[in-house]
Amino acid sequence: MNGIFVVPILVSFFVTLLVIPGWIKKMKNAGLVGKDINKVNGGLVAESGGVVVVLGFAVGVMIYIAINTFILKNTDNFVEIFSLMTVIFFVAFVAFTDDIHYKIGWKIGLRRRTRIILVAFASIPLVAINAGKSTIGIPFFGAVDIGIFYPLILIPLGIVGATTTYNFLAGFNGLEAGQGIILLSALAIVSYSTGSFWLAIVALCMVAALIAFIIFNFYPAVIFPGDSMTYPVGGLIAIMAILGNFEKIAVFFFIPCIAEFFLKARGKFVKQSYGKPQKDGSLTLRYEKIYSLNHVAIRLMEKASIKPTEKRVVLSIWLFQILVILLGFIIFGEGIF
């Protein structure tokens, strides 16, 4: 690995780190703030920090392109990179529009159906380059080439599914950013091990931006990510699986988010993931039933006589995600390493 490729990763980190304080101030001045729900008398926290994460990520990727162009004289995979960036920017725009809907006079923001259609539309660059391989494994039938249905159907479905589903497991300080760091780091390892070095660098640029962001977003948060972070991170996970042709292990890694989707469906997507804050700093369940992995964590801690706190809930979800990833490496490792 050429040491020069550490530069774009560091750039992503420092751009995000240096821009966030100013963004927090601007968001507060603009009234783009949200209540910290999991705390008694929780204050107002700056919103839409994902915009800065995407900025840091984008600058890092552009530096990577510049290094390849002007120093290494290598333009391999540039079509894939620019397609990837186009999807991320479009998805981030859709998400940010929804984040600020109440500020610009919309009472309900973008409807769920509208968001899904727009995110599906965002997948067009990947469809256009016919990203990924059209041959998939089907039980009892083996490898089947589904041809044009892969780019026209499965790619949009993958982008929509990962983007919107990743957004469900949220609501606690640092949770979404930490999940992104863990998932994308694992996928960077998969990318590097399967020969997609460039894709690993792109993923690590986002990881670096998220690490800088989580310094401000972990408990007690002074900035929230908003959809403008969760949508691009979820989209990047799907894009990596498609461009790297490792959909199976990516889907396996995504199990916590998939589980969250079904728990949300149980509550008809209206039940909140938050806990109910107590004066001693602990959390209890808002509902009698479980509608989120966050609720599962709170319930398990209560049964184990462990004080459920926001920080402990987040750490437990991260631990679960790490265990899923380790299991995924064990199951699929033979085809990766």
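On a full-extension model of 0.36 nm per residue, what is the gain between L327 and R299, subtracting their alpha-carbon distance, rounded to one decimal in nm?
7.7 nm
May I ask you to derive the relative contact order of region 179-337, considering only C-alpha pairs under 8 Å and at least 6 residues apart, and to give it as an integer percent?
Reported relative contact order: 24 percent.
Go through region 31-48 residue by residue and turn each phi into a ³J(HN,Hα) via Karplus (6.51, -1.76, 1.60, θ = phi - 60°); whole Hz please, and just put x for glycine and proline.
Ordered by residue, 3J(HN,Hα) equals x, 8, 10, x, 6, 7, 5, 7, 10, 5, 6, x, x, 8, 10, 4, 9, 6 Hz.
Does anything in region 259-282 have its amide N under 15 Å from the 7 Å Cα→Cβ label point of K307, and if so which residues?
277-282
Starting from the amide H of V45, placed 1.01 Å from N in the peptide plane, find each other amide H under 5 Å away whose residue is 5 or more places distant or on another chain.
The list, which skips near neighbours in sequence, is G34, K35, D36.
Let me know the charge dipole size of region 232-337 about its Cα centre in debye, to the nearest 20, where only the beta-carbon of Lys, Arg (+1) and Asp, Glu (-1) is charged.
580
Enumerate the aspartates and glutamates that K248 could reach by cross-link, defined here as Cα to Cα under 17 Å, with residues fewer than 8 away along the same chain left out.
D145, E334
Which residue, chosen from N74, V59, T86, occupies the Cα position most advanced towards the positive end of the dipole of region 15-96, where the dipole is computed from +1 (Lys, Arg) and -1 (Asp, Glu) charges on Cβ about the Cα centre?
Looking along the dipole axis, the top candidate is V59.
Check the straight Cα-Cα distances from K25 and name the lysines below 24 Å, setting aside those fewer than 8 residues away within the same chain.
K35, K39, K103
Quick one: grab Rg to one decimal and Dmax as a whole number for region 122-280, Cα atoms only, in Å.
When restricted to the Cα atoms of region 122-280, Rg and Dmax are 17.0, 58 Å.
Under the 0.36 nm per residue contour assumption, what length would be gained going from the current alpha-carbon distance of M62 and K35 to full extension?
This chain segment gains 6.2 nm when fully extended.
Going through the cross-link list K276/K303; K26/K271; K279/K311; K279/K307, which pairs have a Cα-Cα distance over 21 Å in this structure?
K26/K271
Taking the solvent-accessible surface of protein heavy atoms with a 1.4 Å probe, what is the per residue accessible area of region 18-91 in Å²?
Spelled out: the 1.4 Å probe surface of region 18-91, per residue, equals 46 Å².
Check which residues have an amide H placed less than 5 Å from K276's amide H, if you skip close sequence neighbours.
Residues meeting the amide H criterion: T284, L285, R286.
Give me the percent of the accessible area of the chain that comes from carbon and sulfur atoms, probe 1.4 Å, all protein chains in place.
Carbon with sulfur: 67 percent of the solvent-accessible area.
Using per-residue counts of other Cβ atoms within 10 Å, averaged over each peptide, order 171-180, 88-97 from highest down.
171-180, 88-97
Between I215 and F269, what is the spin-label point distance in nm, taking each point 7 Å from the Cα along the Cα→C-beta axis?
Each label point is offset 7 Å from its Cα along the Cβ direction, giving 3.7 nm.
Any chance you could list P(r) for the chain, counting all Cα-Cα pairs in 10 angstrom bins from zero, rounded to whole %?
That works out to 6, 25, 35, 24, 9, 1, 0, in percent per bin.
For the ranges 198-210, 287-299, what's the packing order if you count other beta-carbon atoms within 10 Å of each residue, average per peptide, and put the highest first?
Final packing ranking: 198-210, 287-299.
The values are calculated or read from the model by the stated rules, or taken from the named source; none is laboratory data. If you're wondering where the values come from, they're calculated on a predicted model, not measured in any experiment. No Cβ is skipped: glycine too gets one built from the backbone with ideal geometry, and neighbour counts run over all protein chains shown. In case anyone asks, the SASA skips ligands and DNA or RNA and just uses the protein heavy atoms, side chains included. Shrake-Rupley method; radii C 1.70, N 1.55, O 1.52, S 1.80 Å.
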